Every structure is written in C-alpha cells, then in structure tokens.
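Please read the structure below before turning to the comments.
All of the numbers you see were taken from the coordinates with simple rules; none came from a lab. In this text the structure is predicted, and so the values were computed from the model without any measurement. Heads up, the Cβs are rebuilt from the backbone with ideal geometry, glycines too, and the neighbour counts pull from every protein chain shown.
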Amino acid sequence: MATRIGVDIGGTFTDLVYYDDETGETVEGKVPTVPHAPEEGVVAAVRGHVPPAVIEKAEFFLHGTTVGLNALLERRGAKVGLITTDGFRDVLEIRRGDRAEMYNLFWRQPEPLVPRHLRLEVGERIRFDGEVVRPLDPASVKTALARLLEEEVDTIAVCLINAYANPAHEITIETLLRDGGFEGGISLSHRISGEYREYERTSTTVIDAFVRGRMSSYLKRLDGRLRELGFKGTSLITRSGSGSMTFAEAEDRPFETIMSGPVAGAQGASEIAEQLGIEALVTADVGGTSFDTALILGGRPQVLYEGVIDNMPIQTPWVDVRSIGAGGGSIAHIDIGGLMRVGPRSAGAAPGPACYGKGGTEPALTDAAAYLGMLGPGRLASGINLDFAKAEKALEPVGAAIGQSVEATAIGVLRIAASSMANAMREVSVEQGLDPRGMVLLPFGGAGPLMATLLADELQMKRIVVPPLAGNFSAWGLLGADMVQSSARTRIMDLTDDNLPVANAVLAELFADVGARSAHLARTTERSARLDLRYKGQEHWLSIEVPLAGDAVGSTADAIRTAFEAEYRRSFGGLMSEAVEIVSIRATVRAPLPRRGQHLAAGGAVEAGEETFSAWSFELGQRMPFRVVPRAAITEPLHGPAIVTESTTTLYLDALWTATTGDHGELLLTREEMH
C-alpha cells in the first residue's frame with residue numbers, strides 16, 4: 001500500500017481525498033474552486049485537509065483536471081502553425097464533408113484551431129505503405145518556417161500524409177525547424193497518433209499543439225506549489241482513456257489528458273462494480289456545472305478509441321463519458337419561446353447559487369432544491385449555510401414569467417434537470433441496445449445523491465448504490481488510477497495466420513515504444529494488446545482484446561475471428577460472410593498502483609428524537625416531514641422520506657425508497673411499489 005492524495009477540480013468545488021496507508025484512514029475535503037488559478041484551489045484543499053506529516057510521506061499525488069478541456073472549449077490556447085503535405089492544407093476545414101446537426105439549417109461548423117494563413121504546405125509525399133514517392137523539399141520547409149516565425153506562432157504542428165507508416169520526413173522537418181531557430185513546441189503527428197484517417201490525425205496533432213503550452217505551464221505551477229508544501233512523491237494526472245501518467249509525460253502528451261476530470265469517477269465506479277459484483281451499472285456524476293454519465297459493464301468502463309470535443313475529433317483512448325451542462329449551479333431561465341429551461345449556463349463557483357449568499361441572484365438548481373427542503377437544514381461543505389429566503393427571491397421572477405408559484409417553479413426546475421440527465425444516461429445505455437431498468441444507478445458528486453431517486457424514477461430503475469465518500473467520489477477514484485501507457489499503429493491487412501507475424505512485428509515495436517516511455521516506472525507492469533477488426537469493405541471497426549505470448553499475439557487467426565464475430569453479433573445482431581481484416585494494432589502497458597484500503601467512521605444508533613425538516617416528496621406529490629439522519633448513523637434499514645447528511649453531499653431519500661448500509665460502507669437503495 002502507499003499513502004496518496006487525490007484532488008479533482010470541478011467547476012464549483014475542488015474535491016480532495018487522501019488515504020493514509022499507516023492508519024488505513026480515508027479522509028475527504030472540499031473547497032471552492034478558483035477559476036482563474038485552479039492550482040490555488042488544489043493547494044488550499046491540500047493545506048486545509050492533509051496534515052503536513054501525511055503530505056511529506058505521501059508517495060503519490062493524483063490529479064483530475066479540465067484545464068486542457070477548458071482551453072479547447074474557450075479557445076484559449078497557443079497560437080499554432082500547421083505544416084502539412086502539399087495539397088492537404090484545408091483538411092481541417094473540409095473535415096468529413098458532413099453536418100454534425102443534419103436538420104439544423106443554421107448550423108455552422110466551429111472555426112479550425114489553425115486559421116488558413118497559418119496552414120502551410122511543403123513538398124513531399126509518402127504512400128500508405130511507407131514508400132517515399134516524393135522526397136522532402138528542404139527549401140519549402142525553410143520557406144514555411146520563415147512565414148511562421150514572422151507570424152510569431154507559439155507552437156508548430158507537423159502532420160504529413162501517411163506519416164504513421166513512415167515518419168522520416170516529419171523527423172527531418174523537426175530538425176530543420178530547430179536548426180532554423182524555432183524554439184517553441186513542436187507536435188509531430190506520428191508521435192501523437194500512429195493511426196490513419198488524415199483529418200482525425202491532423203485534428204489530434206493540432207489539439208496537442210494548442211493545449212501544450214497552457215497544460216505544461218499549469219502542471220509546472222501546481223507541482224512547484226506541492227513541493228513547497230513538502231510533497232516529495234510522484235505527481236500523476238489521469239488520462240482520458242483511464243489510468244494515469246506523470247506530470248512530465250502529460251506535458252509531452254497533453255492531448256491524452258483532455259478528459260482527465262470526468263474519467264476519475266468512471267474509474268472509481270469500476271472498482272465499486274467489481275467489489276460488489278454488479279454486472280451493469282450506470283453512473284450519475286452531478287457537479288456544480290456539469291452532469292457526467294458512463295456505463296460500467298463487467299466491472300470495466302466502456303473505452304472508445306476516438307473522442308470528440310466541440311466537433312473536433314481526438315485519436316486517443318477515451319472512456320465513454322457523456323457530459324451535458326446540468327449541475328447544481330445550472331441556471332433556470334425562460335427561452336425565446338416562453339418555456340422554462342435549466343442550464344447549460346451555470347452560476348459556477350463565483351457567484352454561485354443565490355442561496356450560497358455569495359452575490360448570486362439568478363435561480364440555480366440548488367436554489368430550487370433548497371426551497372423544496374431537499375437539502376434539509378442546509379449545512380453544506382466549506383462552511384456554507386443556505387439562505388432559503390434568497391433562494392425563494394431568485395425563483396420568483398421565473399415563476400412569475402410562466403405564471404406559476406415558487407413551489408411549482410422549483411418542482412419544474414428539478415423535473416427538467418432530471419429529464420435532461422436521464423436523456424444523457426439513455427445515450428450510454430438504450431442507444432447501445434441495453435435496458436437501464438435492470439441496471440444499478442451509482443450517483444455521486446456534490447449533487448448526485450440529491451438527484452438519485454428522481455433519476456431512478458425517470459429511468460424506472462429499482463436499485464441505487466450510493467458509494468462511500470459520494471460527494472468526493474471522483475477524487476476517491478483517482479487514488480486507484482494505475483499508471484498506463486498505450487500506443488497504436490494502423491496496418492491494414494487480412495486476418496490470416498500468414499499475416500499474424502506482420503502484426504506481431506508491429507506489436508513488438510509498439511511495446512518497445514511504450515516501454516521507452518514507461519521505463520521510469522520502476523515497478524511491475526502488465527501488458528495487453530488489441531486488434532481493431534472489421535469485415536472487408538466496411539469503414540468502421542471493433543476493437544478486440546487478444547491473448548499475449550510474450551510480445552506476440554498468443555492466438556490463431558480463427559480464434560481471433562471467433563472473438564470478433566461474438567462481439568459483432570452482440571453489437572449489431574448478426575454476422576456477414578465477408579473476410580475479416582486487421583485495421584490497427586494496439587499495445588498497452590499498465591503499472592498497477594498498490595491497492596488501498598478504506599476506513600470509514602463507525603455507525604451509531606438513530607436517536608428517537610432525531611431532527612425533521614419539511615420537504616417536498618416527488619413520489620407522493622406533497623410537502624411532508626422528512627427525517628434528517630447522518631449517514632454514519634444508518635445501522636438498520638432507513639425508510640424514506642428522509643434527508644441523509646454527510647460531510648460533502650446530501651442524499652434525498654424520497655418516500656417509497658429504503659436505504660441500508662452495505663458491507664463496504666455503501667448505501668443500498670431499493671424502491672417499494674405503490675399499492
């Protein structure tokens with residue numbers, strides 16, 4: 001085991017969990033996020049909740065952040081120049097020639113991260129098989145460099161056609177750029193992505209160049225501040241595809257951290273599902289500004305191998321987390337058609353919901369929940385005591401605009417938000433042919449347990465598991481983020497026993513590349529490999545894990561085809577008679593962190609004279625007394641209606657729901673049928 005500290009930055013709060021391996025104690029903390037300097041919120045959380053002695057002995061600091069994601073969404077990154085093959089200057093604008101919103105007549109694609117005058121061509125051409133058709137013209141590179149130096153670009157992305165098959169020209173260009181005096185960052189596409197599809201590879205390379213400077217600067221500042229606090233261990237950040245990487249690696253490969261923040265919750269959910277033997281689980285991470293959901297099957301999150309941010313593709317492993325702008329800070333407003341909407345605009349950390357008393361005046365979801373009594377007496381984390389009068393005042397104008405009472409308006413806010421969240425959950429379940437009614441709901445985040453029973457009712461789910469440390473669960477998930485390195489390369493060929501040696505040669509190169517990047521880990525590693533397969537003539541593929549024998553595929557072509565057909569039938573309901581071909585080969589090296597335990601406070605008996613609070617029951621459609629019960633006091637089945645409090649979140653247990661404490665500190669919620 002090892003002492004470790006996990007910090008996850010959200011739009012409203014920065015969450016911390018640390019595990020002390022000497023005492024087996026797990027402690028959580030929550031502080032307001034500092035939007036203009038997120039590292040200051042991290043430092044405040046560590047300084048305020050972790051004893052100096054624990055900071056000094058901690059072996060790992062694990063971090064989840066949306067710094068890279070926000071840089072993309074807000075278009076606040078580096079000034080990037082792009083060097084590409086003659087004739088491919090406009091790949092970023094031509095894209096795939098389709099429309100993201102087919103029926104929206106006013107849809108416009110986002111502006112490319114690199115404007116056309118900074119996209120420059122050089123003379124060269126390499127075939128798909130790596131053969132050089134036209135040698136690189138050094139003079140054209142020097143001309144492009146002179147133009148980019150004149151434009152004072154911060155970084156240069158280099159993406160040549162088919163460089164994944166032969167990177168020689170990109171490597172030469174890097175040398176020419178440095179010899180020519182360029183001192184900024186350089187992103188070479190073959191180092192970023194070894195896969196085909198020119199638009200996607202160019203987009204990924206440009207994104208890497210765009211966020212590189214901001215991400216590097218942030219990680220260096222944060223690491224410096226941690227060292228000032230006495231931290232001497234290894235600093236890690238979560239990858240978009242799960243697992244973690246060192247800060248130094250993230251500075252070199254920032255595109256792998258774009259979804260660093262939302263992934264931690266999916267990692268923690270996987271541990272819970274495996275621990276409790278849950279086959280199918282869907283998460284509901286409700287924070288201050290966003291709602292994230294993911295599907296966990298067989299104890300594993302669903303991993304894609306290409307993500308999309310603001311309609312820009314990124315070729316990297318990507319946990320399938322769906323996000324919408326709906327959270328505790330989401331603002332209720334009236335749209336142009338006179339209908340009430342909730343989000344995506346959020347009150348954020350500053351000024352926050354009106355009931356926080358920090359200057360907010362617009363009605364947020366938290367204001368509606370507070371007015372309905374769903375948060376009980378309103379004693380929240382970070383010393384926040386809810387101001388119910390300000391919540392009511394904020395809701396009044398919206399209610400007046402739609403001709404409803406404040407209570408009806410507040411109920412509507414919760415119903416609308418729950419409906420939006422449930423739709424996102426349907427995307428990861430129903431749209432994959434899976435029925436959420438038979439799944440388990442895992443709510444977490446500051447407002448996840450608050451929304452749990454409403455979401456379950458929306459999806460007709462009967463079982464909910466509220467994990468330990470639910471309010472800071474993403475930070476808890478960080479503590480189990482094994483160090484992971486991965487690499488992939490496209491090699492299109494028939495799936496035959498004769499071609500497996502070719503695939504094995506590529507696989508050996510990939511493991512060597514990944515091994516070079518993970519040599520510093522100095523710990524036992526686990527290797528795995530996948531083949532991207534499809535029927536000949538198809539455009540898309542399925543990724544199939546294959547057994548290994550050393551660095552080679554330890555299976556026959558027939559056995560691999562059988563595994564592919566089983567997954568194909570599960571995904572699409574039938575098979576084809578075409579031959580199967582390999583598209584790409586993938587290699588992964590995982591260095592597991594030491595497993596950590598979890599010590600939870602012992603429960604005490606529920607006192608007969610417990611506190612009650614008037615709150616709205618969505619199940620019964622009326623206000624009624626709700627018991628207010630500390631989570632640690634639940635030793636016997638607790639029948640709703642009740643408000644269950646803990647240090648960083650509040651569970652709204654509606655009527656007809658019953659909560660019991662499980663063997664691992666989790667709360668198991670089940671719903672009774674109305675008679």
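Worth a mention:
- From the largest down, the stretch 73-214 spans 48, 34, 22 angstrom on the principal axes of its Cα atoms.
- Fully extending the segment from Glu407 to Glu431, taken as 0.36 nm per residue of separation minus the present Cα-Cα distance, adds 5.2 nm.
- Gained length - Arg75 relative to Ala505, 0.36 nm times residue gap less alpha-carbon distance: 150.7 nm
- The local environment of Val398, defined by Cβ-Cβ distances under 12 Å, has a net charge of -3 under the rule Lys, Arg +1 and Asp, Glu -1.
- Cβ-placed point charges (K, R +1; D, E -1), dipole of the chain about Cα centre in debye, nearest 20: 780
- Where GluC sites (Glu not before Pro) fall in DSSP loop in the stretch 58-98, at most 12 other Cβ within 10 Å: Glu74
- Thr316 long-range amide H proximity, modeled H, under 5 Å: Glu306, Gly307
- For the chain, averaging the sequence separation of C-alpha pairs within contact (under 8 Å, six or more residues apart) and dividing by the residue count gives a relative contact order of 13 percent.
- Between Arg47 and Leu339, the distance separating the two model label sites (each 7 Å from Cα on the Cα→Cβ line) works out to 4.8 nm.
- Electrostatic dipole magnitude of the stretch 611-671 [Cβ: Lys, Arg +1; Asp, Glu -1; Cα centre; debye, to 20]: 200
- Residues whose placed amide H lies under 5 Å from that of Thr289, excluding near-sequence neighbours: Gly11, Thr12, Gly328, Gly329
- Contour excess over end-to-end distance, with Cα ends at Asp558 and Arg134 and 0.36 nm allotted per residue: 148.7 nm
- Residues of the stretch 414-437 with amide N under 17 Å of the 7 Å Cα→Cβ point at Glu673: 437
- Note on the stretch 73-214: with charges restricted to the Cβ of Lys and Arg (+1) and Asp and Glu (-1), its dipole about the Cα centre is near 300 debye.
- Along the axis of the charge dipole computed for the chain (Cβ charges of +1 for Lys and Arg, -1 for Asp and Glu, origin at the Cα centre), the listed residues Ser528, Met493, Tyr218 are led at the positive end by Tyr218.
- Debye log10 I(q)/I(0) at q = 0.09 Å⁻¹ for the chain, Cα point scatterers: -0.81
- When Rg and the Kirkwood Rh are both derived from Cα coordinates, the Rg/Rh ratio for the stretch 17-74 amounts to 1.04.
- At R0 = 25 Å, FRET efficiency that the Cβ-Cβ distance of Ala579 and Asp98 yields, to 0.05: 0.30
- Selection among Trp476, Pro363, Gly378 by position relative to the dipole of the stretch 360-476 gives Trp476 as farthest towards the positive end (Cβ unit charges, Cα centre).
- Computed FRET value (nearest 0.05) for Glu396 with Ser528, which takes r as the C-beta separation and R₀ as 60 Å: 0.55
- Using all pairs of distinct alpha-carbon atoms, the Kirkwood hydrodynamic radius of the stretch 22-124 works out to 18.7 angstrom.
- All Cα pairs of the stretch 483-591, percent lying beyond 19 Å: 43
- Between Ala168 and Asp482, the FRET efficiency from the beta-carbon distance, with R0 = 35 Å, is close to 0.50.
- Taken over the stretch 307-402, the percentage of Cα pairs per 5 Å bin, counting from 0 up to the bin with the maximum distance, is 3, 13, 20, 20, 14, 10, 8, 8, 4, 1.
- Spin-label model, Arg227/His540: points 7 Å from Cα along the beta carbon direction are separated by 4.6 nm.
- Fraction of the pair-distance distribution of the stretch 541-586 above 17 Å, Cα-Cα pairs, percent: 33
- For the stretch 458-486 and the stretch 162-196, distance of Cα centres in Å: 39
- For the stretch 73-214, DSSP calls about 15 percent of its internal beta bridges antiparallel.
- Extending 7 Å from Cα along the Cβ direction at Thr143 and again at Arg127 yields two label points whose distance is 2.7 nm.
- Antiparallel DSSP beta bridges within the chain, percent to nearest 5: 70
- Amide H contacts under 5 Å for Glu611: Val628, restricted to partners 5 or more places along the chain or on a different chain, H placed in the peptide plane at 1.01 Å from N.
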